[in-house]
1. Suppose the filter is in contact with a helix residue (DSSP H, G or I) (Cβ under 6 Å, 6 or more places away or on another chain), closer than 24 Å to residue 317 by Cβ and without any contact (Cβ under 8 Å) to a residue 40 or more places away in the chain; does residue 213 pass it?
2. If we keep just the residues of the range 429-446 that are over 20 Å from the mean Cα position of the chain (by Cα) and on the phi < 0 side of the Ramachandran plot, which is surrounded by the most Cβ atoms within 10 Å (Cβ to Cβ)?
3. Residue 47 - would you say it is under 26 Å from residue 185 (Cβ atoms) and without any contact (Cβ under 8 Å) to a residue 12 or more places away in the chain?
4. Return a yes/no flag: does the range 316-329 have any residue that is in a helix (DSSP H, G or I), modelled with pLDDT of 95 or more and surrounded by 24 or more Cβ atoms within 10 Å (Cβ to Cβ).
5. Please verify whether residue 138 is in a strand (DSSP E or B) and without any contact (Cβ under 8 Å) to a residue 60 or more places away in the chain, treating the condition exactly as stated.
6. Please work out if residue 275 is touching a helix residue (DSSP H, G or I) at 6+ places or on another chain (Cβ under 9 Å), surrounded by fewer than 24 Cβ atoms within 10 Å (Cβ to Cβ) and free of Cβ contacts under 8 Å to residues at least 60 places away in the same chain.
7. Against the definition (surrounded by 16 or more Cβ atoms within 10 Å (Cβ to Cβ) and within 24 Å of residue 253 (Cβ to Cβ)), how does residue 116 come out, yes or no?
8. Among the residues that make up the range 147-159, is at least one of them over 30 Å from residue 137 (Cβ atoms) and at pLDDT below 95?
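The values are calculated or read from the model by the stated rules, or taken from the named source; none is laboratory data. Bear in mind the structure is a predicted one, so any value in this text is a computation, not a measurement. Note that each Cβ is placed from the backbone with ideal geometry, even for glycine, and that neighbours are counted across all protein chains shown.
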């Protein structure tokens, strides 16, 4: 009996060891890939100190097992876990940072893309919102300035001992005026801040331009060659836009999954996402998916064409509205990671919100087609609580119970961009309001419902 017990324990131990090795083999490249990419972008693109990024962005959770370094001589960052699964990300001007995935570093560095440089203008001489020149005075009669300031200041408070709220920027734009702006120490109006999944809404805008120009229709079948001869042929661009494609996908970030493999292991994110099978009838089931967004990115690239693709969003959207800091980063194959990888200043994120608040119109030019914002904020059929549209989150609520909203004290017409660790741009058409809140939150979250409720209460 004793031998049997020992033999059983040995088998259990070996099984556990084997699983641990297998899990490490899957997980370590994701941990180090995340670390290398994040460190590269935050230092090379956002201009922050490496030691600050390593301490703040990479100092907790599984990342705390990693070792990270920056090489300014070759514009790169590297990471490993216990000396294993070493990964490297390189910075290229105009493109940001890209992980060296399923490609050699030499091949990646030799890629030649036509990128668009920001216009050579001094934004401090151009009136807001296209520029940063503010009016000499703003009529704040009727505003509850005390409540507004308290609400914003509270968002920067650290109520817990762990100090993990880490709000970095809050902006409030009402009636087109920037009426409040606050940054955490070490951050300012010129600091590029990550968007994470807010990037999905940038992809929405790129699709909008192509629809405006008659190059795509959301009702068309998704032009993916691999789908033409199987049951995925019925998936439309609209299904992809509303994250209701029916494709089998795991949007999980606690370990190895479809999403983490796509972002941190693969050369071509959109191609990888397009290879999964169909699980549900297209249009019937809403499932939030970075994979479907990167399939849209792939479609945008093949529609625009190689010559103009990497300058396309800048020339047609960002530079037209003064978003000169915006950078969307590509995967190793050169396609924008339209689900997740973008950086811009808080004011530029606010400008993007204003573009949608103004129905896709900017100064004297229509950027997005008429009706595009209405389309983007139409709840997906499969979103039972009316919480998602076309690459935007919604506050529409359950169609059978309008009071059942994620933000019950905020108007139901509110919609928003949202990203990992507390990146949000809230757009409230009925209040002519845009609110930007950016940070590195992993706990003690700002209660967004109460936060927005009090900001609205402070308005005239």
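1. Considered against the rule, which asks whether it is in contact with a helix residue (DSSP H, G or I) (Cβ under 6 Å, 6 or more places away or on another chain), closer than 24 Å to residue 317 by Cβ and without any contact (Cβ under 8 Å) to a residue 40 or more places away in the chain, residue 213 comes out as no.
2. Filtering the range 429-446 down to residues over 20 Å from the mean Cα position of the chain (by Cα) leaves 429-433, 444.
Next, from what is left, pick out any that are on the phi < 0 side of the Ramachandran plot: 429-431, 433.
Values: 429: 17, 430: 11, 431: 19, 433: 22.
Only one residue fits best here, namely 433.
3. no
4. Here is the first cut: in the range 316-329, the residues in a helix (DSSP H, G or I) are 316-321.
Still in the list and also modelled with pLDDT of 95 or more: 316-321.
If we keep only those that are surrounded by 24 or more Cβ atoms within 10 Å (Cβ to Cβ) as well, we get 318.
Within the range 316-329 (the criterion being in a helix (DSSP H, G or I), modelled with pLDDT of 95 or more and surrounded by 24 or more Cβ atoms within 10 Å (Cβ to Cβ)), the answer is yes, since at least one residue qualifies.
5. Values: in a strand (DSSP E or B): no; without any contact (Cβ under 8 Å) to a residue 60 or more places away in the chain: yes.
Against the criterion (in a strand (DSSP E or B) and without any contact (Cβ under 8 Å) to a residue 60 or more places away in the chain), residue 138 does not qualify.
6. So residue 275 passes the test.
7. Values: surrounded by 16 or more Cβ atoms within 10 Å (Cβ to Cβ): yes; within 24 Å of residue 253 (Cβ to Cβ): no.
When the stated conditions are applied, residue 116 does not pass them.
8. Scanning the range 147-159, I find at least one residue that is over 30 Å from residue 137 (Cβ atoms) and at pLDDT below 95, so the answer is yes.
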